[in-house]
Amino acid sequence: MSQDELNPSCSPAERKPASMGEPEAPSAPLYEVHKKIYPRSVTGLFASWRWALVWFTQLLFYGLCWLPWNGRQAVLFDLVERKFYIFGLIFWPQDVIYLSVLLIIAAYGLFLFTAIGGRLFCGYACPQTVYTEIFVWIEERIEGGRATRMKLDQQPWSRRKLMLKTAKHAIWIGFAFWTGFTFVGYFTPINILSLSVVNFSLGPWETFWILFYGFATYGNAGYMREQVCKYMCPYARFQSVMFDPDTLVVTYDIERGEPRGARSRKLDHKAEGKGDCVDCGICVQVCPTGIDIRKGLQYECIGCSACIDACDQVMDKMLYPRGLIRYSTEHAIEQHWGRTEILAHLIRPRIVIYGAILACIVVAGAYGIATRLPLKVDVIRDRNSLSREVENGLIENLYRLQIMNVSETMHRYAISVSGLEGIDIAAERIVEIPAAGARVVLVPVRVPPESGKKGSNRIYFDVNAIGDEKIAVHEKASFLMP
C-alpha cells in the first residue's frame, strides 16, 4: 500500500508518482539495537574512591549478618516473629513510624546530595554500580583487558574461549548466589540458614528468594549493566528536576578543549588553533554507560568520574594542565570561576532548605528512638463478652492486654486499673516477660453497678516495670455498663 493510500486526505497535486525515482526516507527502528559496552579499566583518585566504597559496602553487607550481639544476630529482620533487631534496638510492627522517618530521611538526603553534587550515589554507592564494578573486575582477571575481551568475543568458539567463558560465568553465578544467600540471611538467622543449606532442608520461601536475588544480581551486573541505569532506573529520569546551574557535575570544558584533534606532544597546538582535547576517545572507552561526555551532560551519566581520571592521565602525558574534564558547574564553566567561587555558590536557598529540613527530621528521629520506652501495651476489650454481672452484683468486662518488652533484659510488670470508683482487677496483677518477648494477658475488670453511667465509661490501665519507675505505660480503654 502506498503512502497516498495510507493518507487519503492528501490532495492530488501533492501526490507524486512512485516512478519519479526519489529515494524513500529510511524508517527509524522503534528500539535501539543494543551494543555491548567494554569499559576500559582506569586508575586515579576517583577510581580509588569508588573501590574504597565497594570494599566498605560489601564488607558491611556480607559481614554484618554474621556479627553476634547478646547471643543473637546483630542485625536481623525476623518476619516470622515480627521483630527487627538492629544491634541493641528492637523494633515491632507498632514502630512503623520509625520506618517512615527513615524513608523521609533517605528522600531528603537524596534531594540534598543530588542538588549539591549530582548523581554521587549512582556513581559510588548504588548496588548496580558496585556489583557491576565487581563483575567487570572478575571479567578482566579471566578474559583480559578491554581490547582482549573485544577480540575474544569476535573470535569463533574454541576450547580456550569456552573454558574462559565457563570460568567467568561459574564465578559470577557463585558470587551472585552467595549474595542471594547473604540477603536472605538478614531475614532468616544466618546460622540456621547455613545449616539448612548444608542439610538440603531449605524452606520454599528461603529457596525462592536466594534464587531470585542471585539471579537478579547475575543478570543485572553480568548482562544488563548500563541498561539498568539507562532504561530501568527512575532516578535517571527525574534527576534533572533536582539539578540547577550551580550543581556540581562531571563537565567537559568545551572552551578549552575545542577544536579537538590528534597532534604530537611537541607541537604548539595553540598556534595551530587547536584545543587541549587530543580526541583520543579514552573518556568514552572508560565510561560504564558508553556515553561521550564531550557532548554535554546526559541523563545516562552516573557521575562515576572515570572519564576525569582517564582524561587527567592523558593531560599528564601531553604536559597539559589537568581538569579538561572535571567536577564543575554550568555557571562556573560560563564565568570561569575557580574553586573558591564554586564552593561559595554551593550554599544557596535550595540547599539551606533541604539541609534544614533534613537536620530537623534526623534530630527528631534520633530523639524519638533515644527516648522511647522499652515497653509497649495494647489494650483490646473482649468483644465476645461485652459486659456481664458476676457474684456480689459486680459488673465485669474482659480485656486482652498485649504487653511487649522491647528491651534486652527480662522485666516484671505490675498491672493496675483506675477511672471508676471501686474498680478492681479480678486476676493476676504481676506478669513476667522475657527480653524481647511479648505476652497476652486476660484481665477481667469489675466495678460496682452504681459507679458508672449506662453505656461507655472511660477507664485507664497502668503497666509499670517493677524496680524501674521510668518504664511505665498509661493506656485508656472503655468500660461498658449494662
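Quick note: the coordinates plus some simple rules give every number you see, no bench work behind them. Everything numeric in this text was worked out from a predicted model, so none of it was measured. So basically every Cβ, Gly included, is an ideal-geometry build from the backbone, and we count neighbours across all protein chains shown.
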Burial ranking of peptide ranges 235-248, 119-132, 286-299, 346-359 (average Cβ count within 10 Å, highest at the top): 119-132, 286-299, 235-248, 346-359
For residue 381, residues with placed amide H under 5 Å, excluding near neighbours: 400
Karplus 3J(HN,Hα) series, Hz, for the range 287-299 with 6.51 cos²θ - 1.76 cosθ + 1.60 (x for Gly, Pro): 6, x, 9, x, 8, 9, 5, 5, 8, x, 5, 10, 5
Acute angle (nearest 10 degrees) that the helix 127-143 long axis makes with the longest principal axis of the chain, alpha-carbon atoms: 50
Cβ crowding within 10 Å averaged over residues, with 175-187, 140-152 ranked highest first: 175-187, 140-152
Cα-based equivalent ellipsoid, the chain: semi-axes from gyration tensor eigenvalues, Å: 63, 29, 28
Order of 446, 381 - criterion: other Cβ atoms within 10 Å of each residue's Cβ, fewest first: 381, 446
Computed magnitude of the charge dipole of the range 282-364 (debye, nearest 20; Cβ of K, R +1, Cβ of D, E -1): 120
Unit charges on C-beta of K, R, D, E only; dipole of the chain, Debye: 1220
Placed amide H near residue 83: partners under 5 Å, 5+ positions off or other chain: 78
Set 161/230; 376/470; 151/230 screened for pairs whose C-alpha atoms are more than 20 Å apart: 161/230; 151/230
C-alpha long axis of helix 45-64 to longest principal axis of the chain, angle in °: 30
Binned Cα-Cα distances of the range 242-295, short to long, each 10 Å bin given as a whole percent: 21, 42, 28, 8, 1
Tilt relative to the chain, helix 306-318 - C-alpha long axis, 0 to 90 degrees, to 10: 40
Phi-based couplings in Hz for the range 86-100 (Karplus 6.51, -1.76, 1.60; Gly and Pro marked x): 10, 6, x, 9, 10, 10, 10, x, 5, 8, 4, 4, 6, 5, 4
Ratio of Rg to Rh over the range 375-481 (Cα coordinates, Kirkwood Rh, two decimals): 1.00
